[in-house]
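Read the figures in this text as sums done on the coordinates, not as results from a lab. Just so we're clear, the structure is a prediction, and the values are computed from it rather than from any experiment. Here the Cβ is made from the backbone with ideal geometry for all residues, glycine too, and neighbour counts use every protein chain on show.
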Amino acid sequence: MNAVLSPSPLAAGLTELWSPRVIGEVNDAYVKVAKVQGSLVWHRHEGEDELFLVLKGRLRIELEAGPVELGEGEMFVVPKGVLHNPVAEEECHLLLIEPKATRHTGDTVSERTRSLAEQLRPL
């Protein structure tokens, strides 16, 4: 049986920045929350789209074609294969939906990269 969850308080309760945590599954996708601030890393996901929904704060998704600015309640889907870098000038809380096969920082590995095992840890 599924539990009723409230993503906003779950994201707010995270203690690590840029360390998404899985809170649900929809078919072959994970639903995640994250607390972010600063810049992640330029990367791409060759075979997967990635949905960003801002729960709190503001997020800029830098793209080669130019930045996308998101405020609370706004979402954007980064299409598969598109080079991008999420940036939050101040603390920002996110809900993410992405296929289970999606690697955290795609084709790039950095000190911010988190394994799927790390993302699946209990909250």
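Taking every residue in the range 59-80 that is free of Cβ contacts under 8 Å to residues at least 40 places away in the same chain and surrounded by 16 or more Cβ atoms within 10 Å (Cβ to Cβ) and pairing it with any residue that is small (Gly, Ala, Ser) and outside any loop (DSSP other than H, G, I, E, B), at least 6 positions away or on another chain, the pairs with Cβ-Cβ distances below 7 Å are 59/88. Residues being closer than 18 Å to residue 23 by Cα and β-branched (Val, Ile, Thr) are entirely absent from the range 74-81. If residue 52 satisfies all but one of (1) touching a residue at least 24 places away in the same chain (Cβ under 8 Å); (2) outside any strand (DSSP E or B); (3) farther than 16 Å from residue 112 by Cα, what's the number of the condition it fails? For residue 52, the exception is condition (2).
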